[in-house]
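To keep things clear, I will list the structure first and then write my remarks on it.
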Amino acid sequence: MKRFRSTLSIAAAVLASAPISLAEIVPAPGTGTIAIQHITTIDVETGARAADQMVVISGNRISAVGRATNARSGARVIDGTGKFLIPGLWEAHFHAIHLKFERTLPIAVARGITDARDMGAPIPYVERAKKAIAEGLLSPRIFIAGPELDGVVSPMLAQFFLPGEDTIVTTPEEGRKIVDELADFGVDFIKVHNELKRDVYYAIADEAKRRKLSFVGHLPPDVGIVEASDAGQKTIEHMNGLQAACAANPADLRTGRGVPASTEPIRIDEAKCEETVRHLARNGTFFSPTPIGAPGQGPKRIRDFNLKIVLMDAKAGVRLLAGTDWPGPGYAKGNYSTFDRTPQDEMAGFVEAGLTPLEALRTATANPAILFGQTSQLGKLQTGKLADLVLLDADPLADITNTKRVWAVVVNGRLVDAAERTKILEAEEVRRKETNK
């Protein structure tokens, strides 16, 4: 209880001095008019390609899409010959705000990330990031959870947060109170973590529903994936819940010291797994493997199993999300200086599982927009929508790894061209060499 109150008192003090809604941290909008000519556009709903198009951006909106013509007077003209234009890419599960955000957010944009879900940071961290972005820091558009709600102090999170900065909730009453506080602060959604007690979890779920907030996140130890879906948990993060539901023998999932090595495939309980994924689909539950990783990553036996059950999930109609858990414990250096485990690698992993490149592309474009009810604003190249876009050097529908071949990025109407991208990435490389972190 002490940590819970400490966190809220800090948040309340910050917000009292700077009463700004936390919802959807929005980067500075573009100004003027940009005309991208002779581009091939990709419709992520149908997979249709349209060659020799011109996309006009006015301020932070797409104002025209059509056959290339002469650009209007005063527009900045970009020759997109040979390039492919897609909606901006989402990082559906990251934690950039709590770790070197001044470095990491610009790098994320340079890598093609225009929109993101930040999956947990104390309120003061969020306010600092919001202030920096309002003052001009290059950043994706960020939808935020505020603090993660957990039942015990997490040793993993302790490497990032100072004592007292985590939010520990031990009773249903505390659960309802923290949801109310966060709803009043204006978060976009509630994030639940691993060690919540069952009654606390259900109190949080009930209060989030009452406050018309979605809740997302991990599965507590005594709440199964189907129960969480039935409780209204909008997204299930990470593989463990689906693994437990699909493995014929859950003991096969054990790894690490003292576990005999095996090369035998992990058997799937086909009937139970099929019923589980159909149940998720009926409930409209989204699934973020977070991460499934790029082809070849992870122990082959576990990876082959994961790929099979993720494909079953997709075939049942469950909407997948491309998230990486970045920076997480495996990202102590805290940056996007390489493409290791970025959303582009997640999409490649989905294709390895058996999705088409178009289906994989939707996991980082259309599906997150659907999740947040933002389809009128984001997720498609269409007149009137927000200008969050990525220009690629090659066709992502021919090879999903072409999503790594970023040529330029438009975030909230602001063009980040090839020269600016190179400058951002080279500056980060110099910092890493100088500091080794």
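A short reminder: the numbers here are calculations on the coordinates, not readings from a lab. Everything quoted here is computed from the prediction, not taken from an experiment. Ideal geometry is used to build each Cβ from the backbone, glycine not excepted, and the neighbour counts take in all protein chains shown.
Starting at the first residue of region 308-314, write each ³J(HN,Hα) from the Karplus equation 6.51 cos²θ - 1.76 cosθ + 1.60 with θ = phi - 60°, in whole Hz, x for Gly and Pro.
Listing the rounded values in order: 5, 6, 5, 5, 4, 4, 5 Hz.
Could you list which residues have their amide H under 5 Å from that of residue 93, counting only those 5 or more apart in sequence or on another chain, with H placed in the peptide plane?
117, 324, 325
What is the Cα coordinate range of region 185-331 on the first, second and third principal axes, sorted by size from largest, in whole angstrom?
49, 36, 27
Through the Karplus equation 6.51 cos²θ - 1.76 cosθ + 1.60, θ set to phi - 60°, convert the phi angles of region 78-83 into ³J(HN,Hα) values in whole Hz; use x for Gly and Pro.
Going residue by residue, I get 10, 7, x, 4, x, 9 Hz, with x marking Gly and Pro.
Residue 177: which lysines have alpha carbons under 16 Å from its alpha carbon, excluding same-chain residues fewer than 8 sequence positions away?
By straight Cα distance, residue 177 reaches 2, 191, 197, 209, 212.
Under the rule a/c < 1.5 gives rounded, and otherwise a/b versus b/c splits prolate from oblate, where does region 137-256 land using the Cα gyration tensor?
The shape class here is prolate.
Region 234-283: which trypsin sites (Lys or Arg not before Pro) are DSSP loop and have at most 16 other beta-carbon atoms within 10 angstrom?
When the trypsin sites (Lys or Arg not before Pro) of region 234-283 are filtered for loop state and at most 16 Cβ neighbours within 10 Å, 254, 257, 267 remain.
Using 0.36 nm per residue, how much length does the chain from residue 282 to residue 198 gain when fully extended, once their Cα-Cα distance is taken away?
Extending this stretch completely gives an extra 27.9 nm.
Return 345, 184 ranked ascending by Cβ neighbour count within 10 Å, so the fewest neighbours appear first.
184, 345
Using Cα centres only, tell me the gap between region 81-114 and region 362-428 in whole Å.
Computed from Cα coordinates, the inter-centre distance equals 8 Å.
Can you compute the FRET efficiency between residue 67 and residue 426 using 1/(1 + (r/R0)^6), with r the Cβ-Cβ distance and R0 = 51 Å? Round to the nearest 0.05.
For R0 = 51 Å, the calculated efficiency reads 0.85.
Using the count of nearby Cβ atoms within 10 Å as a rough guide to exposure, how do 149, 397, 280, 378 rank from fewest to most?
397, 378, 280, 149
Please report 407, 90 as a ranked list, fewest other C-beta atoms within 10 angstrom at the top and most at the bottom.
407, 90
Could you pull out every residue, at least 5 positions away or on a different chain, whose amide H is within less than 5 Å of the one on residue 83? Hs are placed 1.01 Å off N in the peptide plane, and Pro or chain starts have none.
Those lying under 5 Å, H to H, from residue 83 are 40.
Tell me, what HN-Hα J-couplings in whole Hz come from the Karplus equation 6.51 cos²θ - 1.76 cosθ + 1.60 at θ = phi - 60° for each residue of region 240-254, using x for Gly and Pro?
4, x, 5, 4, 4, 6, 9, 6, 5, 10, x, 4, 5, 7, 5
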